Structure formats: C-alpha cells, structure tokens
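Have a look at the structure below, then the notes.
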Amino acid sequence: MDARINLFGNALATKVLKHINSASKAVSDSGLPHATQELVKIRASQINGCGFCTDMHTKDATHAGETAQRLHLVAAWREATVFTDAERAALELAEQGTRIADAAGGVTDEAWTDATKYYDEDQLVALVSLIAVINTYNRINVIVQQPAGDYQPGQFG
C-alpha cells in the first residue's frame, strides 16, 4: 500500500507539516503529562480510523514505558479500571472534541468542568491544542491513506 501523496517528499507538505509539528512540540513541552498526551493521541486516532497515528503513538507510548494492558484498553477506557480520574477526564474531552460533528452541542459543560478539576489553565490549553493537532494529523493521514505499521519510535525526532 502506498500513500496517495508522498507527504515527506513534497515541498509544500513539508512547509505545512513544519508548522503543525511546531504546534505539536509546544504541546509536548507543556506541563501536560506525557502519558496523558499519548493516551489522547491514541484515542483520537482510533476514533478517526488513522492507522498511521495509532501505530505511531502506541509504539511511542510503549517505548516511554506505557503498559500493554493500558494501551489495549484505551478504546474501552470507560469500562477500564487502569486509568486515573485525570486521564479519564482527558479521554472524555478528547472524544467529545474529536466527535464535534456527531454532537450538535459540541463539547459538554460537564466534560469541560471535569477536566478543570485535574488540569490547570496551561494544561487545559495544551490538552485542547493537542486534541486539535492530533485531529489535524489524523485527517491528513486518512485523506492520503498513509500506510501504517512501519513507524519506529522517535523516527520523527
């Protein structure tokens, strides 16, 4: 399987991705816990059907020490006992923020209020930005049918 466009060999794609990557780096360097960041990226990628990002972020999370049990349960996090209340609040916000088109009201006040119990303002900005950035990556990769499975942890820096 080949991608419809070689995003890594196209000059315009390189320019666009450079800016998205800069936003991603700002979030990565924020005070939002790294494990939470990976869980959010995995869950949004699962919802969006982005194999490339799901592959990348499960491998990055494993490389960073995340357990297989937690990674296997991300898709069913509501029924799983292995996530903290803070992670659960982030996953709920990620799901609602990813599924905006499915809910006329967007993200509920309840989901937002729950997230504010666990994250300060900077962490909330990082979380909202992370949800937006991973959804952007997902859409790019799904549209061009970026193949999944060959990612190596740290491949992109």
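Coupling constants for region 78-88 follow from the phi torsions by the Karplus curve (6.51 cos²θ - 1.76 cosθ + 1.60, θ = phi - 60°), and in residue order they are 4, 8, 8, 9, 8, 10, 6, 4, 5, 5, 5 Hz; glycine and proline get x. Per the Kirkwood formula applied to alpha carbons, region 1-98 shows a radius of gyration over Rh ratio, Rg over Rh, of 1.00. The label-point distance for residue 34 and residue 145, in a model that sets each label 7 Å from Cα toward Cβ, rounds to 3.6 nm. With a Förster radius of 30 Å applied to the C-beta separation of residue 4 and residue 113, the computed FRET efficiency comes to 0.15.
For the set 91, 73, 12, the ranking by accessible area, highest first and with no ligand, DNA or RNA atoms included, is 12, 73, 91 under a 1.4 Å probe. Sequence-ordered 3J(HN,Hα) estimates for region 120-131 from the Karplus curve with 6.51, -1.76 and 1.60 and θ = phi - 60° stand at 6, 4, 5, 5, 5, 4, 4, 5, 4, 5, 4, 4 Hz, glycine and proline given as x.
Region 23-55 and region 72-141 have Cα centres separated by 10 Å.
Backbone amide hydrogens, once placed in the peptide plane, bring residue 80 within less than 5 Å of nothing, excluding anything fewer than 5 places away on its chain. So for the chain, taking the charge dipole from beta-carbon charges (+1 Lys/Arg, -1 Asp/Glu), which of 27, 148, 68 sits furthest toward the positive end? Going by the charge dipole, the pick is 148.
In terms of accessible area, using a 1.4 Å probe and ignoring ligands and nucleic acids, 144, 82 rank largest first as 82, 144. Residue ranking by accessible heavy-atom surface, 1.4 Å probe, largest first, among 99, 70 comes out as 99, 70.
Across region 138-157, the residues whose backbone nitrogen lies under 14 Å from the label position 7 Å along the beta-carbon direction of residue 63 are 149-157. Of all lysines in the structure, the ones whose alpha carbon falls short of 28 Å from that of residue 18, not counting any fewer than 8 places away in one chain, are 41, 59. Using the Karplus relation 6.51 cos²θ - 1.76 cosθ + 1.60 with θ = phi - 60°, the per-residue 3J(HN,Hα) values for region 19-29 come to 6, 5, 4, 5, 5, 4, 5, 4, 5, 4, 8 Hz, with x marking Gly and Pro.
The values are calculated or read from the model by the stated rules, or taken from the named source; none is laboratory data. Source: prediction; values computed, not measured. So basically every Cβ, Gly included, is an ideal-geometry build from the backbone, and we count neighbours across all protein chains shown. Side chains included, ligands, DNA and RNA excluded: accessible areas come from the protein's heavy atoms. Shrake-Rupley method; radii C 1.70, N 1.55, O 1.52, S 1.80 Å.
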